[in-house]
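Undergrad: First the structure, which I've put down as structure tokens, then a few questions once you've had a look.
Computed from the coordinates by the stated procedures, all read-outs in this text should not be read as laboratory data. Not measured: the values here are computed from a predicted model. Backbone-built Cβ (ideal geometry, glycine too); neighbour counts: all protein chains shown.
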Amino acid sequence: MTTLIRHLSTPEGRADPHAVYDELRAMGPAVRMPWGAWMVTSHDANHEVLSGSGWRTVDAAWRTARQPTWVRHPGLKFLHDSALGTNPPGHAALRRSLGSFVSPRSVADLTPQIVQTVHEYLDRFDAVLRADGEADFGALVGDRLPMAVLCIVLGLPREDIPLLCEMSRMLSNVHDLAPSKARMAQADRAGKLWNAYWEQLVAQPRPRLPEDSPLGEWLDTETDPAVRAVAGSQLNVMIEAGLETTTSLLSDGVVQLLRRPDQAAWMREHPEAVHGAVEELVRFVSPVQLMTRYAAQDTELPGGIPVEAGQIVHAVVAAANHDPDAYDSPHDLNLARPPRRNLAFGVGMHYCLGAPLARLEATTLFPEVLRRFDLELAGPVGYDETLAFRGTRSVPVRRRPRPAATAGAGAAVAAGGSASAAGPVVVDREDAVLVVTLTRPDGDNRLDRATLTALGDVLTTLPDDVAAVVLRAEGRHFCIGGDLDELAELATDDPDGYRNLVELGDEVLRAWRTCPAVTVAALHGNVAGTGLGLAVASDLRVAAEDARFRAPETVVSIPVGPSEVLDRLVAEIGSGWTRAMLLLGDAVNAQEALEGGLVQSVVPTEKVGAEAKRLARRIARRDREAIRVTKQTMARLPHDGPDPTEGTDAWEAPLAQALRRRISLGNAR
Ligand code: HEM
């Protein structure tokens, strides 16, 4: 057993502790450690020990009875003054007082500032990567960003970030399973430093705190003397709890995404599913590996194992989060995994107070890393010695070499102003504005495979310095939808090709919706089916007076299934209007579209392109970063109604059937 546990501290064990956790799990529901404590690895046992009424977190009373010298260690003193190291009845007041810093409301108010900070740290990382060809994501982002965010949340001076990181990291040694004397001594030194820092921070008239500092406000308004007496300890533990954990999630999360390009690609393609994807990363990484509890009285662990009052149990949540009885293929990262609550943020009365904040950081950072960089690991990942945390430190990365560029199949890109006439899509560049024109007037700009591919190419090769993209069309109509004839033929002759084309349509609409530049659609004539989807996936929509909007599918006996078009329609005009458009199939004219929120302005038909370009040029003059962050923030807002992209598979068969029926009836559009 000693050898097995020791292996956890070796570089191999730190890199992959699950081989050991699996072995421990195979030994039974609870395993006795050489130092007399029990260790539990199953999901059920972890859940019981962390949230059952017969268990207590290790507190001052337990320490005094068994380790009377604990009071000599400031780090342990902070811990047992704080919510994290306290049991009822004292715990509730301490937890309540900390809650104000990280309530969902406070986090929502600070979101723009936090999102901005994520970008700022990625810019710094980018600069080093450009200059040196390689950069340590762990040191430059994972280590520092969580502290920068904590400084915003608490209102601490930003120049203190390096000192706070240093102190906090050394102090967190006290949470480890069996910290060495050297690591305890390091924590003790850091504890003294913290005491001096805290005194200076709160000394009246508090010159070190920014004017609107939440901590300053808290110090002015918190009246409970029991809470005030331990304010410094509480703040210290809050920082420790928020730093080490979030660092591991951000750094190790990126490691896992780089190791699994298929999962990274999935995340890129499914921005709408980022919350579930982050929960899976939290489960997979489990920044807190284990937590410790003691039995309040003589009791039993699941499996009938007797435990005496006061005896210690280590709940290995990292193992519980990889328990095959709780998760299918638990050692596979699967960002599309059906939701099931994991234990990474704990469970029960000590459930993580900072979870909304950590989630915000992660849901902002991961997609942004994937959007901005194509990275690979440039060397081994470095982990700390700690067993209690994942302890991810250095993550050396470099840009992945690009395969030789291939020209877009159908998009003709003209760099300096004049557009080429080839292909179903023509692209014209005017400074920071790109004008994309659908040029298949003969086919009423139907979105066939060639047009979708060309549009997709435009988006994947979009230069970074393009601020806005105008989408317009030649001919009588903007776009009358997908090419149903092409789809119907495929549905009959080539099921794979058919499925592939349906997916391509959704992918292009998704890419258009998540385009980093602002998109402006100039809409005239008929705007129908997938064409309507392109319109509603655009950020801004200008309608010509002759524009008519329509979702004609049910009129021609085609069922409407979960799709980007449906998702966007519900988000933009609400489910009532969407229902009316889908079920009646009637055309909505420009004025009605304006009233229903489908477009934001209506202009004379001959001016629609010029008006869209005017808006795009206005956007191009704005601060690029402010626009980008705002667009991202908007994309995060939930819309009402269920996720319409769920259950796509169930819809594909009826659609194919309907299309085949069209062919057999010779039912041309
Ligand atoms: C990915 C990031 C994070 C993870 C995985 C995580 C995990 C956890 C876990 C497992 C617990 C329960 C400990 C126990 O039951 O003994 C906990 C508690 C706590 N966490 Fe987090 N945490 C994270 C981020 C944060 C952040 C950003 C903050 C603060 C801003 C924070 C503040 C706290 C506090 C104050 C507690 C103690 C709550 C109590 O005892 O009532 N955490 N966290």
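Undergrad: Along the charge dipole of region 285-355, which of G310, F345, T299 sits closest to the positive end, that is, farthest toward it, with unit charges on the beta carbon of Lys, Arg, Asp and Glu (+1, +1, -1, -1)?
TA: Going by the Cα projections, it comes out as F345.
Undergrad: Just need the relative contact order of region 481-618 here, percent rounded to a whole number, with Cα pairs under 8 Å and 6+ apart.
TA: With pairs under 8 Å counted, the relative contact order is 26 percent.
Undergrad: A follow-up question, please. With both bridge residues required to lie in region 452-600, what share of the DSSP beta bridges run antiparallel, to the nearest 5%?
TA: Here the share of antiparallel DSSP bridges comes out near 15 percent.
Undergrad: Excluding G382 itself, what net charge comes from residues whose Cβ is under 10 Å from its Cβ, given Lys and Arg +1 and Asp and Glu -1?
TA: That sum, taken over residues with Cβ under 10 Å, equals 0.
Undergrad: Same structure, new question: Using 0.36 nm per residue, how much length does the chain from A580 to R32 gain when fully extended, once their Cα-Cα distance is taken away?
TA: 190.8 nm
Undergrad: Still on this structure, I have one more. Could you please report the charge total around L219, scoring K, R as +1 and D, E as -1 over all other residues with beta-carbon less than 14 angstrom from its beta-carbon?
TA: That works out to -4.
Undergrad: Let me ask something additional. Taking 56 Å as R0, compute the FRET efficiency from the Cβ-Cβ separation of D485 and E222 and round it to 0.05.
TA: Approximately 0.20, to the nearest 0.05.
Undergrad: For the pair R208/L163, report the inter-label distance in nm, with labels modelled 7 Å from Cα in the Cβ direction.
TA: A separation of 0.5 nm, rounded to one decimal place.
Undergrad: Please name whichever of A203, L98, P261 sits farthest to the positive end of the charge dipole of the chain, dipole taken about the Cα centre and charges placed at Cβ: Lys and Arg +1, Asp and Glu -1.
TA: Going by the Cα projections, it comes out as A203.
Undergrad: Under a cut-off of 26 Å between alpha-carbon atoms, report the lysines in cross-link reach of K77, not counting same-chain residues fewer than 8 places apart.
TA: Leaving aside lysines fewer than 8 places away in the same chain, those within reach of K77 are K181, K192.
Undergrad: Given the convex hull of the Cα atoms of region 447-515, what is a quarter of its surface area in nm²?
TA: Hull-based average projected area comes out at 5.2 nm².
Undergrad: Quick one: dipole size for the chain, taken about the Cα centre, charges +1 on Lys/Arg Cβ and -1 on Asp/Glu Cβ, in debye to the nearest 20.
TA: The dipole magnitude comes to about 1320 debye.
Undergrad: How much length is gained on full extension from N195 to D464, taking 0.36 nm per residue of separation minus their Cα-Cα distance?
TA: 92.1 nm
Undergrad: Next question, about the same structure. Return the FRET efficiency for the residue pair D109, R260: r is the Cβ-Cβ distance, R0 is 35 Å, and the value is rounded to the nearest 0.05.
TA: Efficiency, from the Cβ-Cβ distance: 0.50.
Undergrad: Now for a different question. Give the residue from A60, A580, G13 lying farthest towards the positive end of the charge dipole for the chain; charges sit on Cβ (+1 for Lys and Arg, -1 for Asp and Glu) and the dipole is referred to the Cα centre.
TA: A60
Undergrad: Once you charge only the Cβ atoms, +1 for Lys and Arg and -1 for Asp and Glu, what is the size of the charge dipole of region 282-367 about its Cα centre, to the nearest 20 debye?
TA: Dipole about the Cα centre, nearest 20: 380 debye.
Undergrad: Given only helices, namely DSSP H runs of n ≥ 4 each adding -39500 (n - 2.57), what is the per-residue ellipticity at 222 nm of the chain, to the nearest 500 deg cm²/dmol?
TA: Calculated from helices alone, the mean residue ellipticity at 222 nm is -15500 deg cm²/dmol.
Undergrad: Relative to the present Cα-Cα distance, how much length would full extension add between E545 and D623 at 0.36 nm per residue of separation?
TA: 24.9 nm
Undergrad: Add +1 for every Lys or Arg and -1 for every Asp or Glu among the other residues with Cβ under 14 Å from the Cβ of E430, and state the total.
TA: Combined, the nearby Lys, Arg, Asp and Glu give +4.
Undergrad: Let me ask something else about it. Do you know the relative contact order of the chain, to the nearest whole percent, from alpha carbon pairs under 8 angstrom that are 6+ apart?
TA: Computed value for the chain: 12 percent relative contact order.
Undergrad: Considering the Cα positions of the chain, please state its Rg to one decimal place and its Dmax as a whole number of Å.
TA: Rg, Dmax (Cα atoms, Å): 28.8, 89.
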